[in-house]
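Q: Mind having a look at this structure? Questions to follow.
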């Protein structure tokens, strides 16, 4: 039986588009441009949901 992961998703850079990408439940979510303050706040909001 596999273990469930409880760690938060990674804050990654999608090089082709220059956006931040975060994976939730097997689905990719593209946020603001990578490294911007808006992308970091949206990443934290998405984790708390």
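Laboratory data are not the source of any read-out in this text; all were calculated from the coordinates shown. Owing to the predicted nature of the structure, the values given are computational and were not obtained by experimental measurement. No Cβ is skipped: glycine too gets one built from the backbone with ideal geometry, and neighbour counts run over all protein chains shown.
Q: Figure the gain on full extension for residue 42 and residue 14 (residue separation times 0.36 nm, minus the Cα-Cα span) and round it to one decimal in nm.
A: Details: separation 28, 0.36 × 28 = 10.08 nm, distance 1.59 nm.
The residue 42-residue 14 span can extend by a further 8.5 nm.
Q: Based solely on its DSSP helices, what 222 nm [θ] is calculated for the chain when runs of n ≥ 4 H residues each add -39,500 (n - 2.57) and the sum is averaged over all residues, nearest 500 deg cm²/dmol? Don't jump to the answer; show the numbers that get you there.
A: Values: 1 runs with 12 residues, N = 49.
-7500 deg cm²/dmol, from helical runs alone.
Q: Quick one: Kirkwood hydrodynamic radius for the chain, alpha-carbon pairs, angstrom, one decimal? Don't jump to the answer; show the numbers that get you there.
A: Numbers: mean 1/r = 0.0876 Å⁻¹.
Roughly 11.4 Å, rounded to one decimal.
Q: Rounded to the nearest 0.05, what FRET efficiency do residue 29 and residue 7 give with R0 = 22 Å and r taken as the Cβ-Cβ distance? Could you check?
A: On the way: r = 17 Å, r/R0 = 0.76.
Efficiency computed from Cβ-Cβ geometry: 0.85.
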